[in-house]
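Shown next, in structure tokens, is the structure this report addresses.
The values are calculated or read from the model by the stated rules, or taken from the named source; none is laboratory data. Remember, predicted model here, so these are calculated numbers, not experimental data. Cβ sites come from the backbone with ideal geometry, for glycine too, and all protein chains shown count toward neighbours. Ligands, DNA and RNA are stripped out before the accessible areas are found, and what is left, the full protein with its side chains, is counted by its heavy atoms. Shrake-Rupley method; radii C 1.70, N 1.55, O 1.52, S 1.80 Å.
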Amino acid sequence: MADNKPQSTGTDLVSTAKIVAFPVDGAAYAERGMKALERLRYDKALTYFRKAVQCEPNNPIHQCNLAGVLAESGQFEESNQILEHVIYHVEPEMTDCFYYMANNCAYLEEFEQAEALLRQYLKQDPYGAYAEEAEEMLHMLMNDMSHSNQPVLSKAERLKGKKAQLSESFSSKEMEDDVVEEQENLDSENESEISHERARALLEEGKFTEAERMLLEVLEQDPDYLAAWNNLALAYYYMGRFDEAVSTLENVLERDSGNLHALCNLVIFEKHAGNDARVADLVQVLSKTEPFHQEHAFKLATTMGSLGEHSEAYRHLKRIIVKGAVSDASVYHYAAVAACHVNRFDEAGRWWATCRRLDNESGVAAYYIEQLQQVVDGKLEPMPSYHYRIPYEEERRRQEQQLKRQMNTLPFKSSEGLQPVGQDDTAALETAWEQQLKTDPLVRSSLFWALRFGETGTKLQALQAIHLLHDEEAKEALHNLLLDPAQELYLKQVAFYMLRKMGVEGPIQFELKGEELSQSNNHLANHLPEWKEVWQKVLTATESHMQGRYNIFMLHDVETMWIEFLTQLYPDVPRLQKAEAWSAALEYRVAKLYQCDVTLEQLAERYGTSSATISKHVKRMDEVCEMDTMNVTQ
């Protein structure tokens, strides 16, 4: 807390063995405490500052340093005892102690005492170092308490008091009408709160369109419900409607400039938009914020962690945990992640152990405890994510392994009769995985998050899973991807293809090189002036044979190859006889591109044609379209 760094007295003791001993004066201990504090080693800092106080009990700087570390460690009562001792028995001129004590009281939710201490500080030192912060804090406290020196009553308590007050001043009829109106307002607010909670749950499940609809209904009834405005901004953001999201948050901040949730959401939005200057300004504001309530402290901590401000995230999360009575497993996960980022892996392990004890079913803590075993030379690669879930890639891998194990014990009916599923039947795997996607909100929400913010490889995996959903939320996510300027062209081509396969007809909007365009054809790359039935017949036959054998990207790339071939030849496209042979040639080309084990003879048998005809068509397609020029993923 105190800004003055103690200086060593220089009284070093030297032993007869010519070993320089650690100096035993208070200044030396204080210096060691400062270094421990810089490394966030609160336990060692406490030890050194206590020794500094023992050496020089009348030094107010040592006392304040000790009180500061106690507060950082969540020991607010003991911190205030020391500060009170300083101001009344050691150094009465050190009025900053009143401000420090007020902060501690605020964390203890002793708001009236905090208010009294702030007023005392401003009275004794109106131009002190923390005068401006004290005035802001006093204003926030008064807002939290609704009114200075008055307890905050619940709505039910206020209604009861209203009845008693009215009975003294009005007739029974007037009193009844007023109380009925108040009761109706209370019922309406309760209904809004219930609807708001439902909307929050929909957001967490990735059902953003439904959440938006419900939140708009809530706000129509209660336009001043700022929490609902904040969550509406999130819904807009997740659906890719960035401008509406930012505008909604700015509306909140116009009404309440210090609204922490709005500030935190806004800085995350601006970071993902690449507005670095705006992010820097908001981070500066948030760095000066010391939330009183645990929910606000948690929101600020997770936000700072997402921004890469891991020391700040660690400090806030540790305060929450040290304060005690935390039963939410995710809090320990976030704290463990922050600890990893400040190289406190042992502490991270302890917090994940607590997280596992509180929530063993999700497997999140167990996964990251296992990852901690990979720490080498004080480094962990990759660093864990703040998101409280197993990474999408790992979740997908585990699901596939589990499904394979389950199916190895069950038979399934194939064209050859009863066969073991251990042959890696892709269609059966996807059917089970589809059920997991539709029934597990955590997997579903992580899917939409990965599609928007993941690396390219992660986005491709998310697309592969999303094509199994076939619901309105999946379609909305694909439409948003098409309109996002930051998304790669190949991802947009696949998204367009998937929308067509989901039954979306008519023009589809997409962004390309800063322009918003529209495409009515079957494929984003299809600019042919006509599309003949025989051309479609080739594609339909190919997809029919490839379904269940190849993934969504291979199916997309087959269509891309065929359109490229026709485009290069148009208008001199040869007469296509035996569509099945051309279909087989398409499958062979994409199989070779992805290094799949397939032969011309196998394809000839499946498509009912000859391997020589397939080979002839493959060569013709290779002549027209070089494989390495195809816009496909490897």
Practice prompt. Go through (1) open to solvent by less than 10 Å² (accessible area, probe 1.4 Å); (2) among the β-branched types (V, I, T); (3) closer than 27 Å to P291 by Cα; (4) touching a Ser or Thr at 6+ places or on another chain (Cβ under 9 Å) one by one and return the number of the condition V331 breaks.
Written response: (4)
Response to the item:
Counting only residues that are over 21 Å from V246 (Cβ atoms) and open to solvent by less than 20 Å² (accessible area, probe 1.4 Å), the range 207-235 contains a total of 0
Worksheet entry | Test for R620: is it of a type in the set (K, R) and closer than 22 Å to P529 by Cβ | no
Worksheet entry | Residue ID - farthest from E473 (Cα to Cα), chosen from residues in the range 493-508 that are in contact (Cβ under 8 Å) with a residue 24 or more places away in the chain and part of a helix (DSSP H, G or I) | Q493
Worksheet item: In this structure, is V342 surrounded by fewer than 18 Cβ atoms within 10 Å (Cβ to Cβ), at pLDDT 90 or above and under 30 Å from L108 (Cβ atoms)?
Response: yes
Worksheet entry | Any hit, the range 377-397, residues being more than 22 Å from the chain's Cα centre (by Cα), closer than 25 Å to Y332 by Cα and either surrounded by 12 or more Cβ atoms within 10 Å (Cβ to Cβ) or at pLDDT 80 or above (or both) | yes
Practice prompt. Tell me the helices (runs of 4 or more DSSP H) entirely within the range 258-342 that contain at least 2 residues that are closer than 24 Å to R389 by Cα.
Written response: 260-272, 294-306, 310-323, 329-341
Fill in: Extreme residue, nearest to the chain's Cα centre (by Cα), among residues of the range 268-298 that are open to solvent by less than 20 Å² (accessible area, probe 1.4 Å) and under 28 Å from S327 (Cβ atoms)
A297
Discussion item. Cβ contacts < 7 Å: first residue touching a residue at least 60 places away in the same chain (Cβ under 8 Å), restricted to the range 78-107; second residue hydrophobic (A, V, I, L, M, F, W, C) and open to solvent by 20 Å² or more (accessible area, probe 1.4 Å), any location; separation 6+ or different chain. Result?
Written reply: D96/A129; Y100/M1
Discussion item. Could you tell me how many of the residues in the range 463-491 are at pLDDT 85 or above, part of a helix (DSSP H, G or I) and farther than 20 Å from Y236 by Cα?
Written reply: 4
Practice prompt. Scan the range 578-606 residue by residue and report those that are open to solvent by 50 Å² or more (accessible area, probe 1.4 Å) and either under 21 Å from H527 (Cα atoms) or touching a residue at least 60 places away in the same chain (Cβ under 8 Å) (or both).
Written response: R606
Discussion item. Which pairs turn up if I take residues in the range 239-259 that are crowded, with 18+ Cβ neighbours inside 10 Å and look for partners that are part of a loop (DSSP other than H, G, I, E, B) and modelled with pLDDT of 90 or more with beta carbon separation below 9 Å, at least 6 apart in sequence or on another chain?
Written reply: none
Worksheet item: If the Cβ limit is 6 Å and pairs must be 6+ apart or interchain, which residue in the range 116-143 that is within 21 Å of P291 (Cβ to Cβ) and open to solvent by less than 70 Å² (accessible area, probe 1.4 Å) pairs with which residue that is in a helix (DSSP H, G or I) and not aliphatic (A, V, I, L, M)?
Response: L117/F98; Y121/F98; Y121/Y99; Y130/Y99; A134/Y99; A134/Y121; L141/F111; L141/E115
Worksheet entry | Lone unmet requirement of (1) open to solvent by less than 20 Å² (accessible area, probe 1.4 Å); (2) modelled with pLDDT under 90 for K323 | (1)
Worksheet item: In this structure, is M101 modelled with pLDDT under 85 and either among the aliphatic types (A, V, I, L, M) or in contact with a His (Cβ under 6 Å, 6 or more places away or on another chain) (or both)?
Response: no
Worksheet, complete the sentence: Within the range 86-113, restricting to residues that are buried (at least 23 other Cβ atoms within 10 Å of the Cβ) and among the aromatic types (F, W, Y), the one that is farthest from the chain's Cα centre (by Cα) is F98
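Residues checked against (1) of a type in the set (A, V, I, L, M); (2) open to solvent by less than 30 Å² (accessible area, probe 1.4 Å); (3) without any contact (Cβ under 8 Å) to a residue 60 or more places away in the chain:
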| site | (1), (2), (3) |
| --- | --- |
| M546 | yes, yes, yes |
| N551 | no, no, no |
| M554 | yes, yes, yes |
| V558 | yes, yes, yes |
| L566 | yes, yes, yes |
| Y570 | no, no, yes |
| G608 | no, no, yes |
| D622 | no, no, yes |
Worksheet item: For the range 533-544, how many residues are open to solvent by less than 20 Å² (accessible area, probe 1.4 Å) and β-branched (V, I, T)?
Response: 2
Discussion item. Any residue that is of a type in the set (G, A, S), modelled with pLDDT of 85 or more and within 19 Å of H296 (Cβ to Cβ) - is there at least one of those in the range 104-115?
Written reply: yes
Practice prompt. Look through the range 479-492, keep the residues that are surrounded by fewer than 23 Cβ atoms within 10 Å (Cβ to Cβ) and among the aliphatic types (A, V, I, L, M), and return whichever of them is farthest from N526 (Cα to Cα).
Written response: A486
Fill in: Of the criteria (1) part of a helix (DSSP H, G or I); (2) free of Cβ contacts under 8 Å to residues at least 12 places away in the same chain, which one R575 fails
(1)
Worksheet item: When A495 is evaluated against the numbered criteria (1) crowded, with 19+ Cβ neighbours inside 10 Å; (2) of a type in the set (G, A, S); (3) out of contact with any strand residue (DSSP E or B) (no Cβ under 9 Å at 6 or more places or on another chain), which criterion, by number, is the only one it fails?
Response: (3)
Practice prompt. For G548, work out the one condition from (1) modelled with pLDDT of 85 or more; (2) at positive phi; (3) within 40 Å of the chain's Cα centre (by Cα) it doesn't fulfil.
Written response: (1)
Discussion item. If P57 meets every condition in (1) at pLDDT below 80; (2) assigned to a loop (DSSP other than H, G, I, E, B) apart from one, which number is that one?
Written reply: (1)
Discussion item. Checking the conditions here, which among A353, A365, A301 is under 20 Å from N259 (Cα atoms), of a type in the set (A, V, I, L, M) and open to solvent by less than 60 Å² (accessible area, probe 1.4 Å)?
Written reply: A301
Fill in: Number of positions in the range 219-231 that are farther than 15 Å from I268 by Cα, in a helix (DSSP H, G or I) and touching a Leu at 6+ places or on another chain (Cβ under 9 Å)
3
